[in-house]
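These notes are about the structure you will find just below.
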Amino acid sequence: MSLREKADPSERSGSTNWVQHAWLWPFEAMRLALDISSQWYPDRPAEPTDASDEQELPWTTANSVALQLPTMRLLDFSSAVEGPPLLVCAPYALHRAKIADLAHGHSLMAALQEAGTARLYLTDWRSATPEMRYFSIDTFLSDLNVAVDTIGPPVDLAGLCQGGWLSLLYAARFPDKVRRLVLAGSPVDVSVPSELSRMVASLPQQSFEAMVRQGEGIVSGEHMLQVWSLPFNLLDVEAALQRRLDGKSEDARVLLDRFTRWNDETLDLPGTYYLEVTDWIFRQNRIAAGDFVALGRKIDLAAVTLPVFLLAAEKDIVVPPDQAFATMRLLGTPPAWLQCDTEPCGHLGLFVGCMALTGPWRRIARWLQSDLDEATGGRARISA
């Protein structure tokens with residue numbers, strides 16, 4: 001995907017085009033691909049790689065591998081051995097976990113460190129191999145549980161986008177292992193409409209199943225990116241990063257290069273997991289409906305009573321604020337333990353925008369570090 005600037009910026013709004021639709025392309029690409037299914041996987045390699053070679057985009061913030069699991073590498077960004085641990089659960093949706101560590105000044109992990117989070121971890125989800133084709137949501141919950149046990153419960157969990165509903169399921173399934181929960185741009189109750197939920201609902205589940213069969217049990221990020229080759233421009237990147245870029249400066253060139261490389265480094269997904277997400281989460285709305293069974297136990301969100309912080313982007317069409325905040329009414333958390341905040345950006349800006357990282361994420365870090373009464377102020381709030 002190349003970076004292109006249009007002569008007339010008015011033809012395109014960075015905050016509402018590529019920046020938003022980059023998170024929808026897996027579903028839109030499938031719509032297009034159904035029309036050219038015979039060309040989908042003509043030269044599929046026998047062994048998809050895990051992109052761990054020297055050409056992979058390097059991490060911005062120093063870290064070490066704390067644990068190797070079938071679904072992930074648990075990365076340790078800690079600067080100390082004392083204090084409550086925070087585990088950031090990255091989205092597993094065809095882009096890599098470096099969304100949480102994109103570049104200097106645009107790294108969530110670095111921002112949390114600078115805000116005083118001493119024990120800090122990240123789920124670095126693996127690209128699916130043929131051996132992973134039958135991995136399910138339960139598989140990821142099981143490995144998340146091993147990661148939490150390795151860190152030492154209770155932990156604070158921060159779920160980004162689709163890492164949010166996974167974190168919520170985990171907190172509901174293992175309530176004694178999670179101290180506080182952060183859900184940032186996270187879809188849970190899809191009865192509140194969004195572009196993402198509408199897109200899934202517009203396609204029959206048989207279409208998703210056909211795509212998985214064509215990929216021999218794997219959803220190929222690379223092939224889907226080839227089909228959905230939507231270019232982005234400087235305005236798009238500026239909207240996501242929440243800053244103006246001088247296209248001729250060295251700093252801007254480095255940022256644009258890292259952004260482009262992150263976008264191009266896709267993940268393959270296990271077909272079983274992908275079908276469960278599209279059907280159970282986005283079509284049947286099982287989490288919100290109280291019908292989701294996680295590791296053998298039906299999940300009741302009303303039984304979730306831990307402190308929760310919800311973060312939404314005002315211009316988000318993937319997970320709009322109404323949908324992000326609808327989770328509140330499903331929880332058993334006392335109102336005084338609920339916190340809400342918004343940021344004037346699109347979906348991607350929540351995780352890489354410089355103002356989001358120094359604004360709401362700094363407040364989240366303080367909330368995680370504070371005594372509960374001090375952190376809540378006695379009531380839930382929504383900050384602009």
>> Filter the stretch 236-252 down to the residues that are of a type outside the set (A, V, I, L, M) and modelled with pLDDT of 90 or more and list them by number.
In response: Glu238, Gln242, Arg243, Arg244
>> Name the single residue that is surrounded by the most Cβ atoms within 10 Å (Cβ to Cβ) among those in the stretch 151-199 being in contact with a Lys or Arg (Cβ under 7 Å, 6 or more places away or on another chain) and part of a strand (DSSP E or B).
In response: Asp156
> Which residue, of Asp322, Asp291, Asp373, is touching a Phe, Trp or Tyr at 6+ places or on another chain (Cβ under 9 Å) and either under 30 Å from Ala210 (Cβ atoms) or not hydrophobic (A, V, I, L, M, F, W, C) (or both)?
Replying inline: Asp291
>> Restricting to the stretch 248-273, name every residue that is exposed (fewer than 13 other Cβ atoms within 10 Å of the Cβ) and not in a helix (DSSP H, G or I).
In response: Lys248, Ser249
> Does any residue of the stretch 107-121 turn out to be basic (Lys, Arg) and closer than 26 Å to Val219 by Cβ?
Replying inline: no
>> Consider the stretch 99-135. How many of its residues are among the polar types (S, T, N, Q) and surrounded by fewer than 17 Cβ atoms within 10 Å (Cβ to Cβ)?
In response: 1
>> If a residue must be in contact with an Asp or Glu (Cβ under 8 Å, 6 or more places away or on another chain) and either part of a strand (DSSP E or B) or modelled with pLDDT under 95 (or both), how many such residues does the stretch 286-337 contain?
In response: 9
> How many residues are in contact with a helix residue (DSSP H, G or I) (Cβ under 7 Å, 6 or more places away or on another chain) and modelled with pLDDT under 80 when one looks only at the stretch 204-224?
Replying inline: 1
> Here are Ser127, Ser107: which of them is over 24 Å from Leu295 (Cα atoms) and not basic (Lys, Arg)?
Replying inline: Ser107
> Quick check: is even one residue across the stretch 316-325 surrounded by fewer than 17 Cβ atoms within 10 Å (Cβ to Cβ) and either in contact with a helix residue (DSSP H, G or I) (Cβ under 8 Å, 6 or more places away or on another chain) or among the hydroxyl-bearing types (Ser, Thr, Tyr) (or both)?
Replying inline: no
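The values are calculated or read from the model by the stated rules, or taken from the named source; none is laboratory data. These numbers were taken from a predicted model, which means no experiment stands behind them. Please note: Cβ atoms are built from the backbone with ideal geometry, for glycine as well, and neighbour counts cover all protein chains shown.
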